[in-house]
Amino acid sequence: MKRNLSVSQAETFQTCSYKWQLKYQRGLSKDTVEADAMSLGSLVHDGLAAALFSYADDQINSRDMDTDIALVDAKLEIETLGAEQLVASINELDTEKILEFKAMLQTAILLVRLTIEDIDIPKNYNIVLVDVEGETVPLIEHWLEYPVENTDFIFRGIVDAVLEDKNDGTIEVVDWKTRAKFSNDTAEQLKMQIGIYQYMLEKMYGMYVPMGTIYQIKSELSKSPIHNADGSLNKTRAKYQSHKVVSVIRNREIQKRLWFNLVSHATRIYDITLDYDDNDDNDDNDLPRAYGMPCSWCEFRDICYAELHGYDADSIIKSSYKEKE
Ligand code: SF4
């Protein structure tokens with residue numbers, strides 16, 4: 001029987017095995033929506049997808065791609081999702097949190113705007129389209145699934161976007177990462193993810209994807225204003241600031257070597273899973289923590305903080321997390 005392994009599970013394990021233990025073994029997830037980095041990241045992610053779907057719609061219907069309309073669509077998506085999250089968590093949030101949350105929505109909208117203007121799709125890119133059962137589908141937030149040769153694994157994952165460079169026809173797989181700080185370490189970790197998507201696109205669609213691109217998007221904006229007095233965007237200041245907000249890392253080869261690294265990671269994860277006894281209360285049984293950079297984005301950081309400082313982590317888990325049955 002084939003065993004499932006998601007790219008994100010392998011990536012999580014590679015980032016921090018203790019995080020993998022909390023998330024996939026113990027099944028913990030945040031119970032409340034907070035105006036934090038995690039929420040900002042998902043709003044930016046969804047806003048970028050909405051903007052790209054808007055471009056793809058123009059492309060499929062042979063219309064000129066319109067940046068303004070794409071940005072309005074992204075804004076609406078972020079505001080709708082933000083409103084849904086706010087309503088879902090309204091009993092949990094105090095007034096200060098609601099204001100924080102609203103400010104976060106504005107930041108997410110601006111980050112999407114700066115990223116889209118930095119990529120400049122109408123000038124630089126087309127969205128790659130594929131035929132799926134007779135339907136034209138843009139490769140945006142697209143589900144990829146493929147069996148790993150000579151193993152009993154199937155990899156599954158969602159690719160953020162696949163774009164075609166209008167200048168030279170190069171196809172590139174794109175991954176968005178919202179980050180507190182730009183990091184080359186992150187690029188190293190993500191090469192595996194990019195490599196596997198390149199490989200899967202080749203296998204599933206016969207598509208040669210020589211380029212992998214990671215957009216690291218800062219979670220904070222500088223304080224200098226980028227709007228004119230009438231509220232419109234000052235394009236010169238926005239362009240200047242986008243260089244500080246978006247960092248682009250490109251990786252020029254299909255790295256099949258990384259594909260095989262990921263397979264060995266998968267095997268390791270399953271070996272650990274088989275040996276690991278989650279019901280054992282002995283803390284020595286915990287997998288190693290990563291510490292450092294990944295913690296600033298980790299949904300479990302308050303658990304780790306409590307455990308490492310001798311506070312009552314169990315009560316934090318009870319009050320702020322859901323645990324799988
Ligand atoms: S806070 Fe850091 S050490 Fe703790 S689980 Fe998350 S990434 Fe690992």
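Can you name every residue in the range 58-71 that is touching a residue at least 12 places away in the same chain (Cβ under 8 Å), surrounded by fewer than 17 Cβ atoms within 10 Å (Cβ to Cβ) and part of a helix (DSSP H, G or I)?
I60, I69
Can you name every one of the strands (runs of 3 or more DSSP E) wholly within the range 114-177 that holds 2 or more residues which are out of contact with any helix residue (DSSP H, G or I) (no Cβ under 7 Å at 6 or more places or on another chain) and surrounded by 16 or more Cβ atoms within 10 Å (Cβ to Cβ)? Give the steps one after another, and end with the answer.
Working: elements: 125-127, 129-132, 135-138, 140-147, 153-165.
Fully inside the range 114-177 and qualifying: 153-165.
Select from the range 73-101 the residues that are assigned to a helix (DSSP H, G or I) and without any contact (Cβ under 8 Å) to a residue 12 or more places away in the chain and write down the one among them that is farthest from the chain's Cα centre (by Cα). Break it down stepwise before answering.
Taking the range 73-101 as the starting set, the residues that turn out to be assigned to a helix (DSSP H, G or I) are 73-88, 95-101.
Now restrict to residues that are without any contact (Cβ under 8 Å) to a residue 12 or more places away in the chain: 80, 83-84, 87, 95-96, 99.
Numbers: T80: 19, A83: 21, E84: 20, V87: 23, T95: 29, E96: 27, L99: 25 Å.
Result: T95.
Restricting attention to the range 284-313, which residues are at pLDDT 85 or above and out of contact with any helix residue (DSSP H, G or I) (no Cβ under 9 Å at 6 or more places or on another chain)?
Across the range 284-313, the qualifying residues are L308, H309, G310.
Checking the conditions here, which among Q21, Q25 is in the same structural domain as S296 (by TED's automatic domain parsing) and modelled with pLDDT under 85?
Q25
For I116, are the conditions met, namely being touching a residue at least 12 places away in the same chain (Cβ under 8 Å), assigned by TED's automatic domain parsing to the domain that holds G41 and in contact with a Phe, Trp or Tyr (Cβ under 7 Å, 6 or more places away or on another chain)?
On the way: touching a residue at least 12 places away in the same chain (Cβ under 8 Å): yes; assigned by TED's automatic domain parsing to the domain that holds G41: yes; in contact with a Phe, Trp or Tyr (Cβ under 7 Å, 6 or more places away or on another chain): no.
No, not satisfied.
The values are calculated or read from the model by the stated rules, or taken from the named source; none is laboratory data. Keep in mind that this is a model prediction, so the values were computed, not measured. We place every Cβ from the backbone using ideal geometry, glycine too, and count neighbours over all the protein chains shown.
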